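Below: one structure, written as structure tokens.
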Amino acid sequence: MIREGKLQGVGQPSLKDSENRRTIKVEIQKEGMNMKLVFVRHGESEWNALNLFTGWSDVELTQKGEQEAHHAGKVLRSLGIQFDHVYLSVLKRAIHTGHIVLSELNQDYLPETKSWRLNERHYGALQGLNKQETREKYGDEQVLLWRRSYDVMPPLLSEEEAAKQAQDPRYKHLQVKDLPQGETLKTTLERVLPIWQDKIAVDLLDGKNVLVVAHGNSLRSLVKYLLNLSEDEILKFEIPTGTPLVFDLDENLQVKEYHFEK
């Protein structure tokens with residue numbers, strides 16, 4: 001039968017700040033379909049270990065991070081999920097985590113989509129700074145606002161840094177105005193939502209199981225949308241590194257159940 005409806009989260013008719021609302025028609029093969037959507041936050045990175053603001057900085061996994069990725073893959077293998085597509089950010093800590101997970105699943109052959117829209121929240125001028133030293137300089141309260149509020153913007157990149165970012169081969173196809181110089185969790189969701197609407201949700205509505213390997217805040221923004229969490233609720237929602245978050249979805253992409261697999 002043909003299903004027609006807006007792509008939306010549970011009990012959420014629309015996202016006020018979102019554009020590109022569109023209606024998608026898909027043929028559902030049978031009633032009662034149960035799609036799997038799995039989020040994996042990349043394993044510990046070098047800057048995680050050094051307690052630095054990372055954001056869009058492209059840093060490698062630590063040995064511990066690689067072990068976390070292997071563990072995530074083994075956990076998913078034990079669940080017996082056959083994925084159809086994997087989505088990754090364009091940052092190597094997510095890409096390498098995803099490839100390790102797929103290797104453990106023996107599903108290295110899966111088609112994959114890499115997108116800047118799944119990048120971590122952009123921390124602007126804070127990127128590369130030590131979090132403790134930043135607290136000592138600006139105070140605990142200010143740093144907490146930058147890190148954990150829903151809509152407080154961090155200090156932005158300088159124009160010189162922004163111009164350098166725009167020349168990165170990963171982003172040269174984008175208009176400079178579309179590249180953030182800093183983000184909140186709110187604007188991270190606005191950036192991430194189009195790939196959900198145009199790609200991930202389309203795959204799920206087609207009955208496919210989807211794996212998304214990305215970052216703490218880009219994944220948390222999608223969790224907020226899928227579960228229709230309040231601003232306060234999403235600020236308390238943590239996604240540990242290398243720990244799969246599994247969603248069971250019905251044919252309308254309503255979340256039937258979700259849980260972490262440790």
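Across segment 29-58, the number of residues qualifying as hydrophobic (A, V, I, L, M, F, W, C), part of a strand (DSSP E or B) and in contact with a Lys or Arg (Cβ under 8 Å, 6 or more places away or on another chain) comes to 2. Can you confirm whether segment 135-148 contains a residue that is under 26 Å from residue 229 (Cβ atoms), under 19 Å from the mean Cα position of the chain (by Cα), part of a helix (DSSP H, G or I) and not aromatic (Phe, Trp, Tyr)? Yes - at least one qualifying residue is present in segment 135-148.
Note on segment 59-97: residues that are surrounded by fewer than 23 Cβ atoms within 10 Å (Cβ to Cβ), within 14 Å of the chain's Cα centre (by Cα) and assigned to a loop (DSSP other than H, G, I, E, B) total 1. Residue 176 meets all of the listed conditions (1) at pLDDT 95 or above; (2) aliphatic (A, V, I, L, M); (3) more than 16 Å from the chain's Cα centre (by Cα) but one, namely (1).
Determine if segment 134-141 includes at least one residue that is surrounded by fewer than 16 Cβ atoms within 10 Å (Cβ to Cβ) and within 17 Å of residue 184 (Cα to Cα). Looking for residues that are surrounded by fewer than 16 Cβ atoms within 10 Å (Cβ to Cβ) and within 17 Å of residue 184 (Cα to Cα), one finds at least one in segment 134-141, hence yes. Number of residues in segment 206-222 that are touching a Phe, Trp or Tyr at 6+ places or on another chain (Cβ under 7 Å) and either modelled with pLDDT under 95 or surrounded by fewer than 20 Cβ atoms within 10 Å (Cβ to Cβ) (or both): the value is 1. Just give me the residues in segment 89-144 being free of Cβ contacts under 8 Å to residues at least 24 places away in the same chain, under 24 Å from residue 71 (Cβ atoms) and charged (D, E, K, R), in sequence order. Matches in segment 89-144: 108 only.
Inside segment 177-233, residues that are of a type in the set (Val, Ile, Thr), under 26 Å from residue 83 (Cβ atoms) and part of a helix (DSSP H, G or I) make up a count of 6. Could you check, for segment 191-199, whether at least one of its residues is free of Cβ contacts under 8 Å to residues at least 40 places away in the same chain and under 17 Å from the mean Cα position of the chain (by Cα)? No; the residues of segment 191-199 include none that is free of Cβ contacts under 8 Å to residues at least 40 places away in the same chain and under 17 Å from the mean Cα position of the chain (by Cα).
Of the set (1) over 25 Å from residue 230 (Cα atoms); (2) outside any helix (DSSP H, G or I), all apply to residue 160 but (2). Evaluate the following for residue 229: is it without any contact (Cβ under 8 Å) to a residue 40 or more places away in the chain and over 22 Å from residue 253 (Cα atoms)? For residue 229, the condition - without any contact (Cβ under 8 Å) to a residue 40 or more places away in the chain and over 22 Å from residue 253 (Cα atoms) - is not met.
Residues in segment 103-120 that are closer than 16 Å to residue 76 by Cβ, crowded, with 17+ Cβ neighbours inside 10 Å and in contact with a helix residue (DSSP H, G or I) (Cβ under 7 Å, 6 or more places away or on another chain): 2 in all.
Of all residues in segment 249-256, at least one satisfies being on the phi > 0 side of the Ramachandran plot and either charged (D, E, K, R) or over 17 Å from the mean Cα position of the chain (by Cα) (or both). Filtered by the rule that a residue be modelled with pLDDT of 95 or more and touching a Ser or Thr at 6+ places or on another chain (Cβ under 9 Å), segment 232-251 gives 234, 241, 242.
The values are calculated or read from the model by the stated rules, or taken from the named source; none is laboratory data. None of these values were measured; they are calculated from a predicted model. A quick note on method: Cβ atoms are made from the backbone with ideal geometry, for glycine too, and the neighbour counts reach across all protein chains shown.
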